[in-house]
Amino acid sequence: MKLEEYFLNPGELIVSAKPIVVRTVLGSCASVTIYDKEKKIGGICHYLLPQAPGREQLSSKYGDVAIKLMLHRFLKQYKCKVEDLVAMIIGGAFIVFDENEIFFIGDRNVQVAVDVLKEYKIKVRQMHTGGEQGRKLWYNTGTNELIVKTMEKISIDDLYNPII
């Protein structure tokens, strides 16, 4: 049976008790997956920047907000137990668009994921981070299977065309 497939845009997240495949494309952005081993519920977020600048600007385009929002859904909506959750961190490449403005966003995006997951005592099972290449990824929310492929360049076609 072929699962429904969704494309995750920057600033979005999905938590699903129904098995689906989520795909996305990352450069300096990062994604975090969370999976409940007992309930077989999976979730993934895709964020652009590490931390929201203030409480009035809370948005899931920021890693600290997106990861905590996803955890809130697992713990409150689905009544998951922290000890049943495992995570993976993907992305955070060093992508230079303008050599005059290098902020190491990729490194900071990965670090915020590590920090938030540590704060909540969520075990990180796998990391596919850093480097200088973008990534295409596919995540199965029902099995916690993750496929990551590195790519030389990210083009507009990668965002809007099937990537398998």
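What follows draws every value from the coordinates through simple rules; no lab data is involved. Because the structure is predicted, anything quoted here is derived from the model rather than measured. Using ideal geometry, Cβ is built from the backbone for each residue, glycine included, and neighbour counts are taken over all protein chains shown.
Just want to confirm a number: the relative contact order over the chain, from Cα pairs under 8 angstrom separated by 6+ residues, in percent. Provide the component values of the computation, followed by the final result.
Values: 380 pairs, mean separation 44.7, N = 164.
Once normalised by length, the contact order is 27 percent.
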Determine which lysines satisfy two conditions relative to Lys61: a Cα distance under 21 Å, and not lying fewer than 8 residues away in the same chain.
-> Lys118, Lys136
Picking from Gly27, Cys45, Ala17, whose Cα lies most toward the positive end of the charge dipole for segment 1-148 (charges on Cβ: Lys, Arg +1; Asp, Glu -1)?
-> Ala17
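For the chain, give the magnitude of the charge dipole about the Cα centre (Cβ charges: +1 Lys/Arg, -1 Asp/Glu; no others), in debye to the nearest 20.
860
Going through segment 1-31, which GluC sites (Glu not before Pro) have at most 15 other Cβ atoms within 10 Å and a DSSP loop state? Let's see the in-between values first.
Details: sites: Glu4, Glu5, Glu12; in loops: Glu4.
Passing both the DSSP loop test and the Cβ count: Glu4.
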Label of the coordinate-derived value, Rg and Dmax of the Cα atoms in Å, listed as [x] 15.0, 49; [y] 17.7, 61; [z] 16.5, 58 | [x]
Setting aside same-chain residues fewer than 8 positions from Lys121, which lysines have a Cα under 21 Å from its Cα?
-> Lys37, Lys39, Lys40, Lys68, Lys76, Lys79, Lys81
For n ≥ 4 DSSP H runs only, could you compute -39500 (n - 2.57) per run for the chain, divide by its residues and tell me the 222 nm figure to the nearest 500?
-> -5500 deg cm²/dmol
